[in-house]
Structures are given as structure tokens and as C-alpha cells.
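Below you'll find the structure, written out as C-alpha cells, and then a few comments.
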Amino acid sequence: MRHISAFWRRRSLKFWLATGMALAIVPILLFSVFGYLLYEKSIARPLIEVSREQREILQPLQKIQLSLWGMSRDVIDYSLTGENQHAHNYRRELDDITQGIASLSQAVGVYESTSRDMATLQRDWDELNLLAGSIMTTPPLGVASLASRRIQGFEAGMDRLGQDIGVIFEDLRRENERIHDIALADFERSELLVVIGFALSLLFAGIGVLLINRSLVKSTDQLLAGAKRIAAGDRESRIDIELPSELVNLAEAFNLMTDRIHSQEQALLLAARTDELTGLHNRREFDRILKQ
């Protein structure tokens with residue numbers, strides 16, 4: 001303990017001031033950086049990532065849905081009228097659906113459950129595409145085509161695709177809720193960590209203030225009080241300061257000065273009471289003793 005005490009006593013005022021300021025400021029900075037990194041990793045980044053992933057899924061999914069509605073209308077209208085415009089629209093919508101499914105297949109790869117539902121959608125689409133192609137290559141039958149087995153099968157296939165799309169939408173909703181629940185739990189955990197960090201920052205700040213008070217304010221007050229006692233004529237009391245080293249040296253200088261003043265005062269008092277040649281009490285000392 002003595003070695004440690006001596007070590008700390010040799011620390012300078014700059015050291016104690018820097019240590020106190022570091023204890024007051026550094027924890028706040030560290031917890032601020034840690035809180036930001038935690039928020040970025042656990043909350044902001046997952047939400048941004050899931051938003052990006054789901055946007056990449058929703059865009060082709062909505063495109064497929066719109067194109068399917070148009071395709072259904074054009075296939076049925078073509079079977080009724082045989083107009084080339086419906087055949088042209090059908091080919092354009094077929095290309096849009098094919099591209100949309102390709103983009104959707106790539107986007108849903110991040111979700112295992114949605115990938116399985118995507119396989120079902122792809123299978124139902126392949127069946128519907130074959131059936132639609134056979135309708136578009138068959139001469140129109142007019143109103144009678146509405147009762148044909150192929151049109152009825154086509155409408156049933158459209159219903160299945162609609163259900164497949166609804167299932168994928170539901171997968172996205174559940175995944176979105178799951179991510180938000182995780183983010184909410186992380187946010188609540190972050191709030192607790194922020195409170196703990198704030199409390200620890202206040203604790204370290206208090207320790208820093210105590211160090212500054214101990215190293216500078218308290219020692220300065222002790223030095224000032226000791227100087228006042230010396231000025232008032234008290235030559236017996238000592239100024240005892242432990243740190244910092246600058247004020248310790250100054251206190252030792254005051255104590256040494258007090259010792260010298262006391263020695264000089266005693267020498268002057270002795271010279272005033274005795275005869276220099278004989279060493280006997282002089283008349284002034286005789287009169288003082290006589291009064292007593």
C-alpha cells in the first residue's frame with residue numbers, strides 16, 4: 001500500500017485533472033458510441049434490410065397480379081371475339097408475368113417458407129400458361145367458349161394463382177411482424193442499456209468530480225487554511241496534503257518556511273532576553289519575571 005500510495009502521490013496536477021475529466025467524459029462517449037452501434041446493428045439495419053427485401057418481392061408480385069388480371073380478360077375476350085388486339089395484349093402480359101416470376105423467384109430466396117410457396121406458384125403458373133396457350137391457339141367459339149372445359153379450367157387456374165399470391169402476401173406479413181417484434185425487443189433492451197449506461201456515466205462522472213475535488217479543490221483549501229494559520233502566528237500546525245505533487249511540494253515549502261520562521265523567532269526571543277556576553281537574563285527579562 002505504501003508503494004501504491006507513493007506512486008499516486010507523485011502524480012502531477014495535470015494527471016489528476018486529465019483523469020477526472022476522462023472519467024467524466026469518456027464513459028459518456030463510449031456508451032454513446034456503443035448505443036449507436038447497437039441501434040444500427042439490432043434495429044435500424046434489420047428494418048432497412050427487411051424493407052429492401054420485401055420491396056424487391058412486392059414489386060414483381062404486384063406486377064404479376066396486375067398482369068394476371070389483364071391476361072384473364074384478354075384470354076376470355078379472345079375466346080369470344082378472336083380479335084388480334086387481345087392476342088397482342090396477351091403476349092405482352094405473358095412476358096411481364098414471366099419476367100415478374102423470375103424476379104420474384106430470385107427475391108424470395110431469403111425466406112425459406114416463401115420459397116416453398118413460390119414453388120407452388122411456379123407450378124400453378126406453368127399449368128395455367130399451357131392452358132392459356134392452348135386457348136389462344138384455338139379458333140374463338142363465341143359465347144359457347146365460356147362454357148368450355150378449357151375456359152373453366154383457365155378460370156380455376158386463375159383462382160389458384162390468386163390464392164398462391166395471397167399466401168405469399170401472408171408470408172411477407174408474418175415475416176414483417178417477426179422482424180418488427182425482434183426490433184421492438186432489441187429497442188426495449190437498448191432502452192434498458194441506455195438507462196444503465198447513463199447511470200454508469202453519472203457514477204464515473206461523480207468519481208471524476210471527486211478526484212478533481214480531492215486533487216485540486218480540497219488540497220487548495222487545506223493549503224489556504226494552513227497559510228492563514230501561519231499568517232495568524234501559529235507555528236506549530238503543519239500543512240498535510242497528499243496530492244497532487246505540485247501542491248504537496250508547495251505545502252512542504254510552507255512547512256519548511258514555518259520551521260525557519262519559528263527558529264528565527266526563538267533566536268530573536270533569546271537574544272532579547274539574555275545578555276550576549278554572559279548569557280544571563282538582561283534587565284528586560286528581569287522586569288518580566290518580576291511582574292509575574
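General observations
- Extension gain, S51-D95: 0.36 nm per intervening residue step, less the Cα-Cα distance, totals 13.1 nm.
- Overall, the accessible surface of the stretch 38-157 at a probe of 1.4 angstrom is composed of carbon and sulfur to the extent of 53 percent.
- Cα gyration tensor shape for the stretch 19-101, rounded if a/c is under 1.5, else prolate or oblate: prolate
- Once the C-beta distance of D126 and A44 is scaled by a Förster radius of 51 Å, the resulting FRET efficiency is 0.80 to the nearest 0.05.
The values are calculated or read from the model by the stated rules, or taken from the named source; none is laboratory data. From a predicted model like this one, the values you see are computed outputs, not experimental measurements. Every residue, glycine as well, gets a Cβ built from its backbone with ideal geometry; the counts of neighbours run over all protein chains shown. What goes into the accessible areas is simple: the full protein's heavy atoms, side chains included, and nothing from ligands, DNA or RNA. Shrake-Rupley method; radii C 1.70, N 1.55, O 1.52, S 1.80 Å.
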